[in-house]
1. Expressed as a whole percentage, what fraction of the accessible surface of segment 1-84 belongs to carbon and sulfur atoms when a 1.4 Å probe is rolled over the protein heavy atoms?
2. On C-alpha positions alone, give me the angle between the axis of helix 200-210 and the longest principal axis of the chain, in degrees, nearest 10.
3. Find the relative contact order for the chain and round it to a whole percent, using C-alpha pairs within less than 8 Å whose residues are 6+ positions apart.
4. Under the rule of at least 5 residues apart or a separate chain, name every residue whose amide H is placed under 5 Å from the amide H of residue 141.
5. Find how many whole Å separate the alpha carbon centroid of segment 3-66 from the alpha carbon centroid of segment 164-198.
6. Quick check: with the 1.4 Å probe, what order do 44, 190 take by accessible area, largest first?
7. Taking all protein chains as present, what is the carbon and sulfur share of the accessible area of segment 88-212, in % to the nearest whole number, probe 1.4 Å?
8. With unit charges on the beta carbon (Lys/Arg positive, Asp/Glu negative), name the residue among 99, 63, 5 whose Cα is farthest towards the positive pole of the charge dipole of the chain.
Amino acid sequence: MSRVQLTELLRNEFRKANPSNNMVGGVGVNDADYMTVPRINGVKTMCPAYSAWTAMIYRACSGEYHERNPTYRGAAVCNEWLSFMSFRKWWISNHRDGWALDKDLLVIGNKKYGPKECLYVPVWLNTFTLDCGASRGKLPIGVTYDKRKGMFMAQCKNLSSNSFIGYFCDPLEAHVAWRERKNKLAKELKPSMDDIDLRIYPNICKIIMEAK
């Protein structure tokens, strides 16, 4: 059973006379007309759509989460998606099992979760675009310093691992080598990106060119 099928099953089987309109994260409204966490054979079962919605609210609005993940500071949720049932309607049409909700591939630098800005993408695409800034410190993206060799090493994240490019005396040269390799990989992945949304590949190329 898919996650969409499960959420529909829960709505059909666990209807409520009136929504409770409970607040979630201090901003969202759970206006579901069914039990979002019912017991099935004695086991609590959370609605997948509700799980996705609460996780989004948490990422966007939790100060505690922002402390651990500073890149989410300034994130927000559009008014429409502050209603669970409004989000659920979009989720049913757009969710794909095993994929993740993304807010900044269609609109570069976007901080707002909403139906015009978001889409579901496979994990490999999220992995491909990760920055990993904390591990490289102040060096350009794709560059680390190898103390043993006394040189700057360029490596490029592929789908499942970091691919070694080479050693360079200058960090900028290493970064340029990273950019060239990343663009080559992106071009190879273009057909897969186009199958998801034709707007993704041009944005990926722009992200690579503007990466520092």
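1. Carbon and sulfur together cover 49 percent of it.
2. Relative to the chain, helix 200-210 is tipped by roughly 40 degrees.
3. Dividing the mean separation by the residue count of the chain yields 12 percent.
4. The list, which skips near neighbours in sequence, is 212.
5. Value for the Cα centre distance between the two parts: 40 Å.
6. 44, 190
7. 54 percent
8. Going by the charge dipole, the pick is 63.
The values are calculated or read from the model by the stated rules, or taken from the named source; none is laboratory data. Predicted model only: the values in this text are computed from it and were never measured. Every residue, glycine as well, gets a Cβ built from its backbone with ideal geometry; the counts of neighbours run over all protein chains shown. These area figures cover heavy atoms from the full protein model, side chains too; ligands, DNA and RNA do not enter into them. Shrake-Rupley method; radii C 1.70, N 1.55, O 1.52, S 1.80 Å.
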